[in-house]
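A quick write-up on the structure given underneath.
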Amino acid sequence: MGKIKTLNKWANTHSYYPLDVLRIALGAFLFMKGVHFVSNSELLVELIKPMDNYAGSMIMAHYVAASHLVGGLLITFGLLTRWAIIVQIPVLIGAILINFMGEFNATNFLLASITLLVCVFFMFYGSGKHSADYYFKMQQ
C-alpha cells in the first residue's frame, strides 16, 4: 500500500495535460470498441472462434463487451482507473493471443499491443491530477 501511495504522489506532482488527454483517449477508444462489439456481436463471436474449444466462450464474449463499455467510461472520467485497467488487461492479452491461435491480423495485433502498453502505463501511473479520483480525494 505504501508503494501505491508513493506512486500516487509522484503522479500528482508530475501530472501533465497530454497524459490526461491520453487517458481520456484510451477510455474513449475502449468504450467505442465495446459499442462496436455490442452492435456487431457476430464479429466478436468470429474473433473468439479460435477459442471455441475452451469452455465459456460465450461468457468470454459478454465479458469483453461489458468490460470495454464500463471500463472505458471509468477510464475516461478517471474514476477507479487502476481497477478498470486491471479488468481490461486479460481482454487485451486475449486479443493478442487470438492473433496467434487463428488468422494473424497485423492491424489488430498492433492495436491490441499498443493498447496493452498504454494500459500497463496507466496502471502504474494512475488517473492523474485531472480526474474524478483526484477530485473525490480532495473533497475528503
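Just checking, how many residues over the stretch 119-133 are in a helix (DSSP H, G or I) and surrounded by fewer than 18 Cβ atoms within 10 Å (Cβ to Cβ)? Walk me through it before giving the result.
Looking only at the stretch 119-133, we keep the residues that are in a helix (DSSP H, G or I), and these are 119-125, 132-133.
After this cut, where a residue has to be surrounded by fewer than 18 Cβ atoms within 10 Å (Cβ to Cβ) as well, the list is 120-121, 123-124, 132.
Of the residues in the stretch 119-133, 5 are in a helix (DSSP H, G or I) and surrounded by fewer than 18 Cβ atoms within 10 Å (Cβ to Cβ).
Identify, by number, the condition in (1) touching a residue at least 40 places away in the same chain (Cβ under 8 Å); (2) over 25 Å from Glu46 (Cα atoms); (3) in a helix (DSSP H, G or I) that Trp83 doesn't meet.
For Trp83, the failing item is (1).
With respect to Leu47, is the statement that it is within 18 Å of Gln88 (Cα to Cα), at pLDDT 80 or above and surrounded by 14 or more Cβ atoms within 10 Å (Cβ to Cβ) true?
Numbers: within 18 Å of Gln88 (Cα to Cα): yes; at pLDDT 80 or above: no; surrounded by 14 or more Cβ atoms within 10 Å (Cβ to Cβ): yes.
Taking the combined requirement at face value, the residue does not satisfy it.
Which of the numbered conditions does Phe29 fail, given that it passes all the others? Conditions: (1) modelled with pLDDT of 85 or more; (2) surrounded by 11 or more Cβ atoms within 10 Å (Cβ to Cβ); (3) over 18 Å from the mean Cα position of the chain (by Cα).
Just one mismatch for Phe29, condition (3).
Confirm whether Leu19 is under 18 Å from Val120 (Cα atoms), buried (at least 16 other Cβ atoms within 10 Å of the Cβ) and at pLDDT 75 or above. Can you show your working first?
Working: under 18 Å from Val120 (Cα atoms): yes; buried (at least 16 other Cβ atoms within 10 Å of the Cβ): yes; at pLDDT 75 or above: yes.
Yes.
For residues that are outside any helix (DSSP H, G or I) and surrounded by fewer than 12 Cβ atoms within 10 Å (Cβ to Cβ), scanning just the stretch 92-109, find the one that is farthest from the chain's Cα centre (by Cα).
First, pick out the residues of the stretch 92-109 that are outside any helix (DSSP H, G or I): 102-105.
From the residues that got through so far, the ones that are surrounded by fewer than 12 Cβ atoms within 10 Å (Cβ to Cβ) too are 103-104.
Working: Glu103: 23, Phe104: 22 Å.
Residue satisfying both the conditions and the ranking: Glu103.
The values are calculated or read from the model by the stated rules, or taken from the named source; none is laboratory data. Computed from a predicted model, the values in this text were never measured in an experiment. Positions of Cβ are generated from backbone atoms using ideal geometry, with glycine treated the same way; all protein chains shown enter the neighbour counts.
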